[in-house]
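Read through the structure below, which is laid out as structure tokens, and then see the notes.
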Amino acid sequence: MDVSTFGKKVFFIYPHSVIQNELIQDLIDREYEVYFINDHTKVSSICEFYTSPILFINIDEGLEEPQWEKLIRSILETSGSSHARIGIVTYNENVNLAQKYLMDIMVPCGFIKLKLGLTESTKIIIKTLEANEVKGQRKFVRAKCNPSEATLNVTINNNLISGHIVDISSVGMAMTLESSVDLEKNTYLKDIQLKLRGILLRVSAVVIGFRSQEGEKKLYVLLFDQFVTSQIKSRLRSYINRTLQHEMERKLHIR
């Protein structure tokens, strides 16, 4: 995968409660592709499956600090995993500990002291992600959908038509329709009802393109319009994050 085009994935290993409950949602709303894992045995697998991942490791949990040091050194010194970028997140304010990770081990994504407060920690993490060009050329996070869990209803020519969502982002989606109706480019769909794993949302959108698929239904690409509120976009991002988290857990065999 070309990370300059598709961006890099950000993993929080054993995220502190304040990070899992608040900071991660902030990063999701900023269109970062964020995951969390509460299993240190999967750190090596992350480095194996993903290109240039960013790992923020909570060294206060999971392992004793000397064991974390050993694991982190191994990741950074092994050719197969050295492409990973690691940062430390901790409540420990020990100056010598910070110096060891920053000056001796030379973790590239910093030593973040949570006692500075959530606001300051968030600023540091965002600056770190920007410095590492995590988004690449990608502006929005997109997720492929399970057709059985991502459906829609839309009224076209006074007929209620069902469909399936193929993939979705906070700014648009690709869909297929159950009916054989043909939509032209620039067709405005005023009221689309989305059902995403039980979450019900109403959006409006414009058809910006379509593609015929041999043996399959026509694929339509839609762009949401200005009436889709920031609250709805935030709920879309949360759904996208959960979908990607589930796929990551499946890939890494996390139960």
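The values are calculated or read from the model by the stated rules, or taken from the named source; none is laboratory data. Remember, predicted model here, so these are calculated numbers, not experimental data. Cβ atoms come from the backbone with ideal geometry, glycine included; neighbour counts cover every protein chain shown. Just so you know, the surface numbers come from the protein's heavy atoms only, side chains and all, with ligands and any DNA or RNA stripped out. Shrake-Rupley method; radii C 1.70, N 1.55, O 1.52, S 1.80 Å.
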Which angle between 0 and 90 degrees, to the nearest 10, do you get for helix 65-77 versus the longest principal axis of the chain when only C-alpha atoms count?
70 degrees
Under the rule of at least 5 residues apart or a separate chain, name every residue whose amide H is placed under 5 Å from the amide H of residue 89.
57, 58, 59, 112
Overall dimensions of segment 137-255 by Cα: Rg and Dmax, Å:
14.4, 46
Fraction of beta bridges assigned by DSSP in the chain that are antiparallel (%, nearest 5)
70 percent
Got a number for carbon plus sulfur as a percent of the chain's accessible area, 1.4 Å probe?
48 percent
What does DSSP give for segment 3-139 in terms of the percent of beta bridges that are antiparallel, rounded to the nearest 5?
0 percent
Find the Rg to Rh ratio for segment 1-138, where Rh is the Kirkwood radius over alpha-carbon pairs and Rg uses the same atoms.
0.93
Using the C-alpha gyration tensor of the chain, what are the square roots of 5 times its eigenvalues, in whole angstrom, with the largest one first?
41, 18, 15
Regarding segment 216-255, what is the average projected area of its C-alpha convex hull, in nm²?
4.7 nm²
With every protein chain kept in the model, how would you rank 17, 169 by accessible area, 1.4 Å probe, largest at the top?
17, 169
For helix 118-131, report the angle its Cα long axis makes with the longest principal axis of the Cα atoms of the chain; keep it between 0 and 90° and round to the nearest 10°.
80 degrees
Ranked packing of 42-49, 188-195, 208-215, most packed first, by mean Cβ within 10 Å
42-49, 188-195, 208-215
Just order 86-93, 124-131 by mean Cβ neighbour count inside 10 Å, highest at the front, would you?
86-93, 124-131
Can you give me the accessible area per residue for the chain, using a 1.4 Å probe, in Å²?
53 Å²
If I take every Cα pair under 8 Å that is 6 or more residues apart in segment 142-245, average their sequence separation and divide by the length, what percent do I get for the relative contact order?
25 percent
Against the rule of thumb 2.2 N^0.38 Å, how large the Cα Rg of segment 150-191 comes out:
1.13
